[in-house]
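The values are calculated or read from the model by the stated rules, or taken from the named source; none is laboratory data. Quantities reported herein were computed from a predicted structural model and do not represent experimental measurements. Heads up, the Cβs are rebuilt from the backbone with ideal geometry, glycines too, and the neighbour counts pull from every protein chain shown.
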Amino acid sequence: MPRKQKLKIGDIVEAYFLGSPARCSVIEVVARNLYKLRTRTGTVLPNVTWKVDMDKKSPWYIHAYIGHNVVPKLTEDQNTSQNTTNKKELDKAIKKQKKFIKGKVDK
């Protein structure tokens, strides 16, 4: 298969890891010709390039472009917790804190 110049996140490629082929997906574009791949078993291969672009002997390289897998965009913020306090509890805690700052302590 011909070499594809620029890979995107979600592209599926055939990469050789220690001499054996593995089907991997691109999880990060590190630089112009450097990619981070994940195999089906979950192994992450950092700094993978095409075989033609290799500077030195590396245990892994990309052999062929296979296709593209659509990666859905996240609609929710990853930092948002699922079990947050509701508005009434939060307002009650803020009022209690303001009373404490003013010196009105309830026992």
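Numbers below:
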| item | result |
| --- | --- |
| Considering residues of region 33-59 that are over 20 Å from the mean Cα position of the chain (by Cα) and either of a type in the set (S, T, N, Q) or under 20 Å from Pro21 (Cβ atoms) (or both) only, the residue modelled with the highest pLDDT | Trp50 |
| Members of region 1-32 that are modelled with pLDDT under 85 and of a type in the set (S, T, N, Q) | Gln5 |
| Lys95 vs. criteria at pLDDT 85 or above, more than 21 Å from Glu14 (Cβ to Cβ) and of a type in the set (D, E, K, R) | yes |
| Residue that is nearest to Tyr61 (Cα to Cα) [pool: residues in region 7-28 that are of a type in the set (Gly, Ala, Ser) and over 14 Å from the mean Cα position of the chain (by Cα)] | Ala15 |
| Residue check, Lys104 modelled with pLDDT under 90, loosely packed, with under 10 Cβ neighbours inside 10 Å, out of contact with any Phe, Trp or Tyr (no Cβ under 7 Å at 6 or more places or on another chain) and over 23 Å from Arg23 (Cα atoms) | yes |
| Strands (runs of 3 or more DSSP E) completely within region 1-55 that count 2 or more residues being farther than 21 Å from Val70 by Cα and among the polar types (S, T, N, Q) | none |
| Failed item in (1) in contact with a Lys or Arg (Cβ under 6 Å, 6 or more places away or on another chain); (2) hydroxyl-bearing (Ser, Thr, Tyr); (3) modelled with pLDDT under 85, with Tyr65 passing the rest | (3) |
